[in-house]
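Inspection log for the structure reproduced underneath, given as structure tokens.
The values are calculated or read from the model by the stated rules, or taken from the named source; none is laboratory data. Since the structure is predicted, the reported quantities are computational estimates derived from the model, not experimental observations. Backbone-built Cβ (ideal geometry, glycine too); neighbour counts: all protein chains shown.
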Amino acid sequence: MTALPKYGCFRCFPNGRRSEMNMGSIWVVAEQHRGQPLPIAFELLGAARDLTDNVRAITFGQGATAAAKLLGEHGARSIVELGDLAPGLPAPRVAAALAEMVAEERPEAVFFGTTFDGREIAARLSARLRRPLLANVIGLELTVDGPVAHHGLNGGEELATTRFINARPGIYLLRPKCFAPRDRESPSTATVAHREPPEAGATDAVRVVAHQEVVQHGPTLDAAEIVVTGGRGFGSVEKFAQVEQLAELLKGATGATRAAVDAGWAPYSAQVGQTGKIVKPNVYIACGVSGATQHLVGMKDSSHIIAINKDPEAAIFSVSDLGIVADVNALLPRLIRALEARR
Ligand SMILES: Cc1cc2nc3c(=O)[nH]c(=O)nc-3n(C[C@H](O)[C@H](O)[C@H](O)COP(=O)(O)OP(=O)(O)OC[C@H]3O[C@@H](n4cnc5c(N)ncnc54)[C@H](O)[C@@H]3O)c2cc1C
């Protein structure tokens, strides 16, 4: 175990020794939605380009062609687009395509974002290649021995520094908001190729029969500058509605603990934490949230944390910049009224 120096990418070549090592290419699995790469895709490109110029992006789904152009403008030297994989499940086919490509070209590393799809495809690729996967990566360092990763263990309570030995490619799951996104550099000189993914076997028998898009009001959890999260402390779905109201008034996004999601007060897409989303807003307001480790790993890197809890011993206060010991069901209505009066 080692203390983590800082987040992001570093190069450790005291005398410009980088050229002594034969750094292979880094592949970035770049998720996109309707032609727009997700913010994490640009962060993966930033992380990869800090280590090597030899970066390929792999993208898929409806809109992949439009996304490919943007990925080229943000640091990918080549792009492979796998096209729209509907109506089957995309993850098995993307993993199958990656496994085929890895066997042909043996990249140094494959980077995924810690998203629902990223986690699934990375795990499938790891199983297909019978190679380990390194999750929760928050920093990368390029040494003469190759890339070294700083990553969290035990829900982020411990930090380890790890290097792949005799396992190429290294498969890395990078945490969002830990790596600087790659700035746009127009015009793109990247090459774009289409590749038909192979059949993925038994999972190809599965067909997606309905697709429901979550209606988004205001900013997404990933992009919001302000996140207001509610926990079990609200006691009921009716009272939890105050979280959404406050988030809307602050032009922020609504988050929820797993307890609130399990109670049916918020959708799973709003869950923050180890098995939900990782957020890093400017302001994170935790209301009626105890601060379990599994929740903290998803929000503790927020710039400013405000916690409201009636228990002065609640663990959430240990990561808070401002702690308010109060009943959320008494404080939030007053806060909401005050903000409404200012509109
Ligand atoms: C494998 C695994 C993965 C997990 N992943 C996640 C995850 O991704 N995200 C996540 O959030 N959890 C996750 N959990 C669950 C986690 O361990 C906690 O159970 C959960 O975070 C607790 O949610 P909570 O804080 O809302 O509820 P509680 O722990 O019950 O806390 C409620 C808090 O509200 C306070 N309170 C009560 N009434 C009031 C009031 N009127 N006013 C003010 N404060 C009040 C209480 O003092 C308490 O601190 C995971 C657990 C496991 C085992």
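Quick check, is residue 263 within 13 Å of the ligand (Cβ to nearest atom), without any contact (Cβ under 8 Å) to a residue 24 or more places away in the chain, of a type in the set (A, V, I, L, M) and in the same structural domain as residue 241 (by TED's automatic domain parsing)?
Spelling it out, it is not the case that residue 263 is within 13 Å of the ligand (Cβ to nearest atom), without any contact (Cβ under 8 Å) to a residue 24 or more places away in the chain, of a type in the set (A, V, I, L, M) and in the same structural domain as residue 241 (by TED's automatic domain parsing).
Does the range 215-250 hold any residues that are within 11 Å of the ligand (Cβ to nearest atom), assigned to a helix (DSSP H, G or I) and surrounded by fewer than 19 Cβ atoms within 10 Å (Cβ to Cβ), and which are they?
Across the range 215-250, the qualifying residues are 232, 239.
Looking at 224, 241, 259, which one is under 30 Å from residue 62 (Cβ atoms) and either modelled with pLDDT under 95 or not aromatic (Phe, Trp, Tyr) (or both)? Steps first, answer last, please.
Numbers: 241 fails: under 30 Å from residue 62 (Cβ atoms); 259 fails: under 30 Å from residue 62 (Cβ atoms).
So the residue among 224, 241, 259 that is under 30 Å from residue 62 (Cβ atoms) and either modelled with pLDDT under 95 or not aromatic (Phe, Trp, Tyr) (or both) is 224.
Would you confirm, using the coordinates I've provided, whether residue 305 is within 23 Å of residue 153 (Cα to Cα) and touching a Ser or Thr at 6+ places or on another chain (Cβ under 6 Å)?
Against the criterion (within 23 Å of residue 153 (Cα to Cα) and touching a Ser or Thr at 6+ places or on another chain (Cβ under 6 Å)), residue 305 qualifies.
Can you pull out every residue in the range 287-337 that is assigned to a strand (DSSP E or B), within 8 Å of the ligand (Cβ to nearest atom) and either of a type in the set (Val, Ile, Thr) or within 24 Å of residue 176 (Cα to Cα) (or both)?
287, 308
Yes or no: the range 179-188 includes at least one residue that is more than 30 Å from residue 152 (Cα to Cα) and surrounded by 13 or more Cβ atoms within 10 Å (Cβ to Cβ).
Yes: one or more hits.
Kindly provide the set of residues from the range 35-44 that are free of Cβ contacts under 8 Å to residues at least 60 places away in the same chain and either crowded, with 24+ Cβ neighbours inside 10 Å or under 18 Å from the mean Cα position of the chain (by Cα) (or both), ordered by number.
Applying the first criterion (free of Cβ contacts under 8 Å to residues at least 60 places away in the same chain) to the range 35-44 yields 35-37.
Answer for the range 35-44, where residues must be free of Cβ contacts under 8 Å to residues at least 60 places away in the same chain and either crowded, with 24+ Cβ neighbours inside 10 Å or under 18 Å from the mean Cα position of the chain (by Cα) (or both): 36, 37.
Do we find a residue being surrounded by 21 or more Cβ atoms within 10 Å (Cβ to Cβ), touching a residue at least 60 places away in the same chain (Cβ under 8 Å) and away from the ligand (no atom under 11 Å from the Cβ) anywhere in the range 251-260?
No: zero hits.
Checking residue 34 against (1) within 24 Å of residue 205 (Cα to Cα); (2) at pLDDT below 95, which test does it fail?
With (1) within 24 Å of residue 205 (Cα to Cα); (2) at pLDDT below 95 applied to residue 34, the lone miss is (1).
Could you tell me whether any residue of the range 94-108 is assigned by TED's automatic domain parsing to the domain that holds residue 147, touching an Asp or Glu at 6+ places or on another chain (Cβ under 6 Å) and not aliphatic (A, V, I, L, M)? Outline the logic, then answer.
The first filter runs over the range 94-108 and keeps only residues assigned by TED's automatic domain parsing to the domain that holds residue 147, leaving 94-108.
From what's left, touching an Asp or Glu at 6+ places or on another chain (Cβ under 6 Å): none.
Scanning the range 94-108 turns up no residue that is assigned by TED's automatic domain parsing to the domain that holds residue 147, touching an Asp or Glu at 6+ places or on another chain (Cβ under 6 Å) and not aliphatic (A, V, I, L, M).
In the range 287-325, what count of residues is obtained for those that are more than 19 Å from residue 250 (Cα to Cα) and loosely packed, with under 15 Cβ neighbours inside 10 Å?
Residues meeting the conditions: 6.
For the range 227-235, indicate whether the set of residues that are in the same structural domain as residue 276 (by TED's automatic domain parsing) and either charged (D, E, K, R) or free of Cβ contacts under 8 Å to residues at least 12 places away in the same chain (or both) is non-empty.
Yes, the range 227-235 contains at least one residue that is in the same structural domain as residue 276 (by TED's automatic domain parsing) and either charged (D, E, K, R) or free of Cβ contacts under 8 Å to residues at least 12 places away in the same chain (or both).
Evaluate the following for residue 49: is it part of a helix (DSSP H, G or I), basic (Lys, Arg) and farther than 25 Å from residue 211 by Cβ?
Numbers: part of a helix (DSSP H, G or I): yes; basic (Lys, Arg): yes; farther than 25 Å from residue 211 by Cβ: yes.
When the stated conditions are applied, residue 49 passes them.
Looking at 47, 57, 91, can you tell me which residue is at pLDDT below 95 and surrounded by 21 or more Cβ atoms within 10 Å (Cβ to Cβ)?
Within the list 47, 57, 91, the selection yields 91.
Only strands (runs of 3 or more DSSP E) wholly contained in the range 106-214 count here; list those with 1 or more residues that are under 24 Å from residue 36 (Cβ atoms) and touching a helix residue (DSSP H, G or I) at 6+ places or on another chain (Cβ under 8 Å).
Passing ranges, in order: 109-113, 170-174, 191-194.
Just to be sure before I move on: is residue 100 in contact (Cβ under 8 Å) with a residue 24 or more places away in the chain, assigned to a strand (DSSP E or B) and out of contact with any Leu (no Cβ under 8 Å at 6 or more places or on another chain) in the structure I sent?
Judged against the criteria, residue 100 is not a match.
Going through the range 265-281 one residue at a time, which ones are part of a helix (DSSP H, G or I) and surrounded by 23 or more Cβ atoms within 10 Å (Cβ to Cβ)?
Residues of the range 265-281 part of a helix (DSSP H, G or I): 268-270.
Once the filter is applied, which keeps residues that are part of a helix (DSSP H, G or I) and surrounded by 23 or more Cβ atoms within 10 Å (Cβ to Cβ), the range 265-281 yields only 270.
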